[in-house]
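Take a look at the structure below.
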Amino acid sequence: MQKFSINIRVRYGETDQMGIVYNANYATYFEVARTEWLRNLGITYKDMEKSGIILPVISLSFNFIKPAKYDDILTVTVFLKKKPVVKIDFDYEIINQNREKISTGNSVLAFIDAKTNRPMKCPDYLLDKLNF
């Protein structure tokens with residue numbers, strides 16, 4: 001299993017009038033963790049796109065357990081539990097600075113050839129970095 005964590009401080013603009021994180025911001029938190037996981041492997045979305053690969057999200061789900069609030073420090077952990085083929089499936093967990101689990105989720109992205117707009121296999125250079 002691949003695992004990566006990053007800390008994110010909740011900004012005022014991500015909250016509603018009650019100081020609670022607006023639910024759509026969790027998608028951004030998941031994306032930050034996912035892109036930094038890739039960067040940690042030495043790969044960037046920018047480089048993948050230059051090589052003709054795009055990764056659209058085809059499925060996204062959230063489970064809200066406790067609210068995140070303004071100025072909380074969230075630890076977002078992304079898990080890759082299985083070797084990607086044509087899709088890559090991520091699980092997420094978010095905890096706050098008090099080590100309370102506040103959210104879990106999942107996203108599935110597809111490897112798409114940017115020229116043909118057709119699904120393709122996960123590139124070998126990514127598979128080579130994974131320990132499956």
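Are any residues in the range 63-105 hydrophobic (A, V, I, L, M, F, W, C) and either more than 14 Å from the chain's Cα centre (by Cα) or under 20 Å from R11 (Cα atoms) (or both), and if so, which ones? Within the range 63-105, F64, I65, A68, I73, L74, V76, V85, V86, I94, I95, I102 meet the criteria.
Within the range 56-73, the set of residues being surrounded by 13 or more Cβ atoms within 10 Å (Cβ to Cβ) and either of a type in the set (D, E, K, R) or touching a helix residue (DSSP H, G or I) at 6+ places or on another chain (Cβ under 7 Å) (or both) comprises L60, F62, K66, K69, Y70, D72.
Return a yes/no flag: does the range 35-55 have any residue that is farther than 27 Å from D128 by Cβ and either over 13 Å from the mean Cα position of the chain (by Cα) or free of Cβ contacts under 8 Å to residues at least 40 places away in the same chain (or both). Write out each step before concluding.
In the first step, residues of the range 35-55 are kept if they are farther than 27 Å from D128 by Cβ; the result is none.
No: the range 35-55 contains no residue that is farther than 27 Å from D128 by Cβ and either over 13 Å from the mean Cα position of the chain (by Cα) or free of Cβ contacts under 8 Å to residues at least 40 places away in the same chain (or both).
For the range 82-132, a residue qualifies if it is at pLDDT below 95 and either hydroxyl-bearing (S, T, Y) or part of a strand (DSSP E or B) (or both), and exactly one does: Y125.
Taking the criterion of being modelled with pLDDT of 95 or more, small (G, A, S) and not in a loop (DSSP other than H, G, I, E, B), would at least one residue in the range 39-59 satisfy it? Taking every residue of the range 39-59 in turn, at least one turns out to be modelled with pLDDT of 95 or more, small (G, A, S) and not in a loop (DSSP other than H, G, I, E, B).
The values are calculated or read from the model by the stated rules, or taken from the named source; none is laboratory data. Just so it is clear, the structure is predicted and the values come from calculations on it, not from any experiment. Quick reminder, even Gly has a Cβ in these numbers, built from the backbone with ideal geometry, and neighbours come from all protein chains shown.
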